Amino acid sequence: MAWILSRETRARDFRDTFEDVLLTRDQLGLRNVNFIQGYFDEVARTWTRRIDILHIDGNHAYEAVKNDYLIWKKFVNPTGVILFHDTSVPHFGVRRLFNEIALSKLNFANSHGLGVVFGESRLGSGDCAYIRMPY
């Protein structure tokens, strides 16, 4: 697992949560999870491993999220999934890109949306199921 920030996220005045994430990992005993702190583009230049679950949640502008997707999708195993956060926010480019991807998808509309793109067809080519979970 990689903990990778976009340059825009790092530049904004956000609380640094990296140490909190490491502490939570250790408390949960997740010994098979390694975090890498860096920028999407820079980490991808030297990345060599296959990924089962890729979670893209960086800059929400269309060109930025499309760049992250195009750079990282080649590392995802054929049976893996790509998660996109904020797929239900109309003015975010994440939603536009998610809708353009011609693979099987699942979108959880709650809490700004979590989109799941399947590497190998699960629903049928390009199908998308939308789910809203009750609170």
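The values are calculated or read from the model by the stated rules, or taken from the named source; none is laboratory data. All figures in this text were calculated on a predicted structure; none of them were measured in a lab. So basically every Cβ, Gly included, is an ideal-geometry build from the backbone, and we count neighbours across all protein chains shown.
How about the stretch 1-65: which helices (runs of 4 or more DSSP H) wholly inside it have at least 2 residues that are at pLDDT 80 or above and β-branched (V, I, T)?
Those helices (runs of 4 or more DSSP H) span 18-28, 40-46.
I want to confirm something. Restricting to the stretch 58-76 and keeping residues that are crowded, with 18+ Cβ neighbours inside 10 Å and closer than 19 Å to Q37 by Cβ, which single residue is farthest from the chain's Cα centre (by Cα)?
Among them, the one singled out is A64.
I need a count of the residues in the stretch 77-110 that are among the polar types (S, T, N, Q), part of a strand (DSSP E or B) and surrounded by 20 or more Cβ atoms within 10 Å (Cβ to Cβ).
The qualifying residues number 1.
Which pairs turn up if I take residues in the stretch 67-82 that are in contact (Cβ under 8 Å) with a residue 24 or more places away in the chain and look for partners that are among the basic types (K, R) and assigned to a helix (DSSP H, G or I) with beta carbon separation below 7 Å, at least 6 apart in sequence or on another chain?
Pairs found: I82/K73.
Taking G38 as the residue in question, decide whether it is in contact with a strand residue (DSSP E or B) (Cβ under 9 Å, 6 or more places away or on another chain) and touching a residue at least 40 places away in the same chain (Cβ under 8 Å).
Criteria not met by G38.
What residue, among those in the stretch 111-128 that are surrounded by 13 or more Cβ atoms within 10 Å (Cβ to Cβ) and under 18 Å from D86 (Cα atoms), is modelled with the lowest pLDDT?
In this case the residue turns out to be C128.
Would a scan of the stretch 68-76 turn up a residue that is closer than 25 Å to T17 by Cβ, aliphatic (A, V, I, L, M), assigned to a loop (DSSP other than H, G, I, E, B) and at pLDDT 90 or above?
Looking for residues that are closer than 25 Å to T17 by Cβ, aliphatic (A, V, I, L, M), assigned to a loop (DSSP other than H, G, I, E, B) and at pLDDT 90 or above, one finds none in the stretch 68-76, hence no.
In the stretch 25-47, which residues are in contact with a helix residue (DSSP H, G or I) (Cβ under 8 Å, 6 or more places away or on another chain) and polar (S, T, N, Q)?
Q37
Filter the stretch 66-87 down to the residues that are hydroxyl-bearing (S, T, Y) and out of contact with any strand residue (DSSP E or B) (no Cβ under 7 Å at 6 or more places or on another chain) and list them by number.
Hit for the stretch 66-87 is T79, nothing else.
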